[in-house]
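Worksheet: one structure, shown below.
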Amino acid sequence: MTIDRAQCEALDRDDPLRHCRGRFTLPDGVLYLDGNSLGALPRGVAERVGATVAEEWGRGLIRSWNSAGWYASPQRAGAKTARLIGAAAHEVTVTDAISINLFKLLVAARRMRPDRKVIVAEAGNFPSDLYVVDSVARLVGCSVRRVRAGEVAAAVDGDTAVATLSEVNFKSAERQDMAAVTAAAHAQGALILWDLAHSSGAVDVQLNRAGADFAIGCGYKFLNGGPGAPGHLFVAERHLAAVDQPLTGWFGHAEPFAFSEEFARAEGIRRMLCSTPPMLSMAAYEAALDAYDGVTMDAVEAKARAMGDLLIALFDQRLAPLGCRLESPRDGTRRGSHVSIGHDQGYAVMQALIARGVIGDFRAPDVMRFGLTPLYLGYADVFDAVAAVEDVITSKAFEAPEFQRRHAVT
Ligand SMILES: *Cc1c(COP(=O)(O)O)cnc(C)c1O
């Protein structure tokens, strides 16, 4: 049966997360399907950052490290993030970005498995992860075994120090079974490091239930922390005492203000810090997390899945006949919170969509990504997005020369 807009509007009326849309400011005339690359702006963030600048910095000056709670912000933000990823408050901190946190944790993992000479990595992962894995391997004297995500469990053996992969792939949105892959790695005595770039704030991540050792995640994607927001980092409690990360800056020192010339590691998750936190970005990130107040991640995941299922049903009816290819899993339990659609002219089609205010993104060579963020998108939005794709292709609007030009960021 053909799905019409009225059916989608009915789904929106019954949506338990419907009230969350009001927690964001989005420009009129924009359908924003790129929260998987840069989350939208939550209400209250601009005011919070403004107050951090004017009051805490402008008037409090250096005193604000104590009086405004700046010094404790990484742990405070970490505790707030922990709830969203199935971790305990003291196992998570907010600092640096994914690539840097990956570096710190990979070296630390290898130091915990000094007799093992292999790092297993995910072929097809976000390339920055692969670049960092290769460099760490050279640094610590390991070789890299790169396999597809579905083969990571089988590729881990008694020589493996650590395996690293994304729970949700950035391109296809394919989701791995965190508990099963973690158990397979542990059965070989290896450690596992999960990249949650496309999981945190999007799906119901359960790090501790899965027995994960380490994880890294992104602040500026589904968690809406703003461009370049600090990322988050998880160390399971059982490793907190032993973890020995290589970037031994003063913020990871037990007593940074003792100014000792010898490094003494801080107890607990604070040892994962290196440098002074970027307070304006920290303030934005912390305030942005309020958009998740009172929201459970299983509700977020359920809506993301339902929106993805709807998009795929509409794809079958309206886009498959136009030469589009589905590049994401059909099974919602194996899919994260975006749907990828291939088209030979995918770049130009996406440019034409963006010109109409339907904003998704593009990943080379031919994949259009449509991010489905449950807090600020609804079912009628999914309907409108598919209708726009259909129109851009059937009208050949994408053939206009201005849509062929490549920009630096796609
Ligand atoms: C977005 C993303 C990154 C980004 O890395 P940064 O160091 O935060 O810029 C890394 N890995 C994955 C899997 C991503 O999706």
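The values are calculated or read from the model by the stated rules, or taken from the named source; none is laboratory data. A quick note: this is a predicted structure, and the numbers were derived from the prediction, not measured. Ideal geometry is used to build each Cβ from the backbone, glycine not excepted, and the neighbour counts take in all protein chains shown.
When the stretch 147-186 is limited to residues that are part of a loop (DSSP other than H, G, I, E, B) and within 12 Å of residue 117 (Cα to Cα), the one that is farthest from the ligand (Cβ to nearest atom) turns out to be 158. Take the conditions at pLDDT 95 or above, among the basic types (Lys, Arg) and buried (at least 22 other Cβ atoms within 10 Å of the Cβ) and apply them to residue 175. Does it pass? Spelling it out, residue 175 is indeed at pLDDT 95 or above, among the basic types (Lys, Arg) and buried (at least 22 other Cβ atoms within 10 Å of the Cβ). Kindly indicate whether residue 87 is more than 16 Å from the ligand (Cβ to nearest atom), in a loop (DSSP other than H, G, I, E, B), buried (at least 24 other Cβ atoms within 10 Å of the Cβ) and assigned by the TED database to the domain that holds residue 222. Answer is yes for this residue. Give the stretch 221-244 a look and list any residue that's within 16 Å of the ligand (Cβ to nearest atom) and either among the aliphatic types (A, V, I, L, M) or buried (at least 22 other Cβ atoms within 10 Å of the Cβ) (or both), or say none. Scanning the stretch 221-244 gives 221, 222, 223, 224, 225, 226, 229, 230, 231, 232, 233, 234. Only residues that are more than 15 Å from the ligand (Cβ to nearest atom) and in a strand (DSSP E or B) were counted in the stretch 112-125, giving 3.
Looking only at strands (runs of 3 or more DSSP E) that lie completely in the stretch 307-384, which have at least 2 residues being modelled with pLDDT of 95 or more and touching a strand residue (DSSP E or B) at 6+ places or on another chain (Cβ under 6 Å)? Passing ranges, in order: 338-342, 367-371. Residues in the stretch 223-241 that are hydrophobic (A, V, I, L, M, F, W, C) and either under 12 Å from the mean Cα position of the chain (by Cα) or not in a loop (DSSP other than H, G, I, E, B) (or both): 223, 229, 233, 234, 235. Considering the stretch 205-220, and only residues there that are assigned to a loop (DSSP other than H, G, I, E, B) and within 15 Å of the ligand (Cβ to nearest atom), the residue that is surrounded by the fewest Cβ atoms within 10 Å (Cβ to Cβ) turns out to be 220. Scanning the stretch 245-272 for residues that are surrounded by 13 or more Cβ atoms within 10 Å (Cβ to Cβ) and charged (D, E, K, R) yields 265, 270, 271.
Just wondering, is there one or more residues in the stretch 126-146 that are within 25 Å of residue 304 (Cα to Cα), in the same structural domain as residue 247 (by the TED database) and within 14 Å of the ligand (Cβ to nearest atom)? Yes.
In the stretch 187-204, the residue that is nearest to the ligand (Cβ to nearest atom) out of those that are over 25 Å from residue 332 (Cβ atoms) and not in a loop (DSSP other than H, G, I, E, B) is 193.
Every residue, every condition in (1) closer than 25 Å to residue 227 by Cβ; (2) in contact with a helix residue (DSSP H, G or I) (Cβ under 8 Å, 6 or more places away or on another chain), yes or no:
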residue: 264; (1), (2): no, no
residue: 274; (1), (2): yes, yes
residue: 277; (1), (2): yes, yes
residue: 288; (1), (2): yes, yes
residue: 310; (1), (2): no, yes
residue: 315; (1), (2): no, yes
residue: 329; (1), (2): no, no
residue: 332; (1), (2): no, yes
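Just one of the listed residues (155, 123) is touching a residue at least 24 places away in the same chain (Cβ under 8 Å), surrounded by 18 or more Cβ atoms within 10 Å (Cβ to Cβ) and of a type in the set (A, V, I, L, M, F, W, C), and it is 155.
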